[in-house]
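Take a look at the structure set out below.
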Amino acid sequence: MMDGGWRTATNNKTRENKMENNNTAQRSTNNGQQNPGGGSRSPNPGPRKRLESFKDLKTWQKGFALVNEIYRATKTFPREELYGLTSQMRRAAVSIPSNIAEGFQRWHEKEFKQHLNIALASLAELETQVLIASELNYLDKPFCKNILETIDHVTKMAVNLAKKLPG
């Protein structure tokens, strides 16, 4: 009876090692060849840089730049909004690159995809808050339009990145 439990633990450990190896192989993009999850990583084969860090992701970079824009914009908000709209917008903005980074560091692509979904929810939350700030005349219309375009762009990037992940 103890022997059966030992085999199960060994088989589970072997399965975990195989999954880790598959995930590592999938993270390092190849020259358009088949990846272990099936399908090609890129429609145009050619040498591509291996992603070593979440900081290499263009989606993370654009989300990080969005945080800076939101912090600059909310500096001009009325003082009474410090613990209201200002705080909510900053938290939603920070959540975007933070979840992309956290998901990238996970071993399993499903977890990465889940964190991308959380980032997408934060993008929707931030979009709503920008519209509210505009309606309250805390943001001027051209700046608001620019921020909304950036949010839309990051959203599309995150959706496309999530589509490339298996599961």
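The values are calculated or read from the model by the stated rules, or taken from the named source; none is laboratory data. Everything numeric here is computed off the predicted structure, so don't read it as measured data. As a convention, Cβ positions derive from the backbone with ideal geometry for all residues, glycine included, and neighbour counts pool all protein chains shown.
At-a-glance table
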read-out	value
Those residues of the stretch 118-138 which are touching a helix residue (DSSP H, G or I) at 6+ places or on another chain (Cβ under 8 Å) and either modelled with pLDDT under 95 or among the charged types (D, E, K, R) (or both), in sequence order	125, 127
Which listed residue is touching a Gly at 6+ places or on another chain (Cβ under 8 Å) and aromatic (Phe, Trp, Tyr), from 112, 77, 104	112
Helices (runs of 4 or more DSSP H) contained in the stretch 77-167 and holding at least 3 residues crowded, with 17+ Cβ neighbours inside 10 Å and without any contact (Cβ under 8 Å) to a residue 24 or more places away in the chain	85-105, 109-135
Matching residues, the stretch 51-76, being surrounded by 14 or more Cβ atoms within 10 Å (Cβ to Cβ) and assigned to a loop (DSSP other than H, G, I, E, B)	57
Pair list, Cβ under 7 Å, 6 or more apart: the stretch 62-76 residue in contact (Cβ under 8 Å) with a residue 12 or more places away in the chain, other residue part of a loop (DSSP other than H, G, I, E, B)	73/139
Filter pass, residue 86 being closer than 18 Å to residue 61 by Cα and more than 12 Å from the chain's Cα centre (by Cα)	no
